[in-house]
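One structure below.
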């Protein structure tokens, strides 16, 4: 794509012999990236990006209309590739760059009214797996997810069983689906877990128990000293905040804030 080009075909990443379906598909794909709604969501809306969207919309408006396309092709043949149809010519001659935001506000409301598909038919489901240690350490991975129109890079935090990226799925007309990422845990350490709380059996000899040598090595290799005084209900030791990072369920931006965690429950078994 050459967004700086004055050739409308190049702006839409198309050849001159493209079909109407090619024009519509390319426009939908580019709108997914450059639509002001999306740029505002990702904090990328500025005057340059706003002008890029207008160029894309101008190219689509011209090439999707058979009469305007013929006039444009004739102007290109005559050596003038900067032909602009009447409605867009009025805009370019009337508005200065500082007025782009107001124009885009109206354009969003009248041209591209956005709504989410509620029946899930436009959703993209992605399945991945992580080691239980990775979830405990709150690790993440960058994934390239293919939609109908483009490939999107997303950061997936293993703390979440399900992460939903609203409006980033497939597009049909003015309906937007979601990307739904499912994370399954590869549990090699015999933990039982419910959401962010973790549960594990530990076995201690009678001699070690009598000598108050109840030790536990956590998933991050920390040595945790336990004592008999910590036991409740005859056989349990509860360690608050030593479980998994708590699920956020939807798209989450990592910060330096302290992670909220569930609890770790150890069930003590005394062996001879």
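A few remarks follow.
- Computed on segment 192-271, with alpha-carbon pairs under 8 angstrom and 6+ residues apart, the relative contact order is 44 percent.
- Volume per residue that the Cα convex hull of segment 192-271 spans, once the total is divided by residue count, Å³: 104
- Difference of contour (0.36 nm per residue) and Cα-Cα distance, residue 227 to residue 213: 4.3 nm
- Nearest-0.05 FRET efficiency for residue 125 and residue 239, computed from C-beta distance (R0 30 Å): 0.30
- Share, in percent, of DSSP beta bridges within segment 124-186 that are antiparallel, nearest 5: 60
- Note on segment 192-271: antiparallel DSSP beta bridges, both residues inside, total approximately 60 percent of the bridges counted.
- Bins of 10 Å, starting at 0 and running to the largest distance - Cα pair percent for segment 124-186: 22, 50, 22, 6, 0
None of the figures in this text is laboratory data; all of them are computed from the coordinates on show. As the structure is a prediction and not an experimental result, all values here were calculated from the model. Glycine also receives a Cβ, built like all others from the backbone with ideal geometry; neighbour counts cover every protein chain displayed.
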